[in-house]
Amino acid sequence: MKAIIEVRDLSKTYASGTHALEGVTLDIAEGEILALLGPNGAGKTTFISILCGLVTPSGGRALVGGHDIMRDYRAARALIGLVPQEIAVEPFERVMDTLRFSRGLFGKPPDDTHLERVLRALTLWDKRDARLNELSGGMKRRVLIGKALSHGPRVLFLDEPTAGVDVTLRREMWAVVRDLRASGVTIILTTHYLEEAEEMADRIGIIDRGQLLLVEETARLMHEFGRKRLTVELAEPLAALPAGLAQEGLALSPDGRHVSYDYDTRADRSGIARLLAGFAAEGIAVRDLETEQSSLEEVFLRLVEEGR
């Protein structure tokens, strides 16, 4: 698929000497959702700010829709919508007027038909005449998305789009993002909700200390770097594991009724068959088995730790 964003060796060093980005190279395909994960201070916001023209890079090059973000700033920026993490709105402005103003900032002619489509997609049409101080926090965040979409961008940056939003509204926001992607909008989001990235993103990028450690398809990332845990429920509790069952990754629960076994999904052999054979040889009766896939949070922490 054609890349709408092309980044080559992008770097940023601030006057303080902080290396916020170091040689980041990345292609983002048109119509995909890319989630950027990283600890605080990893470089996520700097990366977004450079592509949106808010921060000047120290080196490297980036194109948006074929337009250089430095030499052809206006054309590149016209393709981008940005939803910041902070909710900063004019409290007494009406919702529709806010979108009209944002659209005008990009030199676009009035088009209330387009703005109506945007507000309906965000389930805000019935609030079009409401003042922003009358809206809930979740609605205000959706207004920010509406402002970012007012000029019809092809790329949408979402910086912590569901921060401070309750679970129900968060899932509604996920649905909005999926609909935007279905309409052809490319979405790059940063998030601290790792289940959000796992649920929504086509690919996940992990960044730490200004370096892009990895970019991978979400499913493949979970498969290649994830671990699984087998939990064995015993028919009778054990005081301790027999010496014959000594195996890496094996642990007995405090009540002696469960044995957990962590194994790597990338290994040629999981060791489960040997483990169950060991139970049989020791005369230990098994009542039930349960497997659990490691979460993206565990994968993320593991990759960041390995990159340090």
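The values are calculated or read from the model by the stated rules, or taken from the named source; none is laboratory data. Everything numeric here is computed off the predicted structure, so don't read it as measured data. We place every Cβ from the backbone using ideal geometry, glycine too, and count neighbours over all the protein chains shown.
Scan the range 35-61 for residues that are part of a strand (DSSP E or B) and buried (at least 23 other Cβ atoms within 10 Å of the Cβ) and the total you get is 3. Quick check on my filter: what residues within the range 62-76 are farther than 16 Å from residue 10 by Cβ and crowded, with 19+ Cβ neighbours inside 10 Å? The one that is farther than 16 Å from residue 10 by Cβ and crowded, with 19+ Cβ neighbours inside 10 Å: 65.
Test residue 18 against the stated conditions and say whether it is of a type in the set (S, T, N, Q) and closer than 25 Å to residue 180 by Cα. So residue 18 fails the test. In the set 178, 170, 229, 209, only one residue is on the phi > 0 side of the Ramachandran plot and surrounded by 13 or more Cβ atoms within 10 Å (Cβ to Cβ); that residue is 209.
Could you please let me know if residue 120 is surrounded by fewer than 15 Cβ atoms within 10 Å (Cβ to Cβ), among the basic types (Lys, Arg) and closer than 28 Å to residue 197 by Cβ? Yes.
The set of residues in the range 134-167 that are out of contact with any helix residue (DSSP H, G or I) (no Cβ under 9 Å at 6 or more places or on another chain) and surrounded by fewer than 16 Cβ atoms within 10 Å (Cβ to Cβ) contains only 167. Screening residue 10 on (1) surrounded by fewer than 21 Cβ atoms within 10 Å (Cβ to Cβ); (2) at pLDDT 95 or above shows it passes everything except condition (1). Scan the range 95-118 for residues that are without any contact (Cβ under 8 Å) to a residue 40 or more places away in the chain and part of a loop (DSSP other than H, G, I, E, B) and the total you get is 4.
Screening the candidates 274, 269, 203, 227 for the property of being over 37 Å from the mean Cα position of the chain (by Cα), of a type in the set (Lys, Arg) and either modelled with pLDDT under 90 or closer than 30 Å to residue 9 by Cβ (or both) yields one hit, 274. Contact map, the range 5-29: first residue in the same structural domain as residue 189 (by TED's automatic domain parsing) and closer than 14 Å to residue 57 by Cβ, second residue surrounded by 16 or more Cβ atoms within 10 Å (Cβ to Cβ) and aromatic (Phe, Trp, Tyr), Cβ cut-off under 8 Å, separation 6 or more or different chains; pairs are 10/47; 21/47; 24/47.
Just so you know, in the range 31-43 the residues that are more than 11 Å from the chain's Cα centre (by Cα) and closer than 16 Å to residue 192 by Cβ include one that is modelled with the highest pLDDT, and it is 43. For the range 133-152, a tally of residues being of a type outside the set (Ser, Thr, Tyr) and either at positive phi or out of contact with any strand residue (DSSP E or B) (no Cβ under 9 Å at 6 or more places or on another chain) (or both) returns 11. Of everything in the range 277-308 that is in a strand (DSSP E or B) and at pLDDT below 85, the residue that is farthest from residue 198 (Cα to Cα) is 291. Inspect all residues belonging to the range 119-139 and state whether any of them is part of a helix (DSSP H, G or I), in contact with a Ser or Thr (Cβ under 7 Å, 6 or more places away or on another chain), within 24 Å of residue 31 (Cα to Cα) and of a type in the set (A, V, I, L, M). No: the range 119-139 contains no residue that is part of a helix (DSSP H, G or I), in contact with a Ser or Thr (Cβ under 7 Å, 6 or more places away or on another chain), within 24 Å of residue 31 (Cα to Cα) and of a type in the set (A, V, I, L, M).
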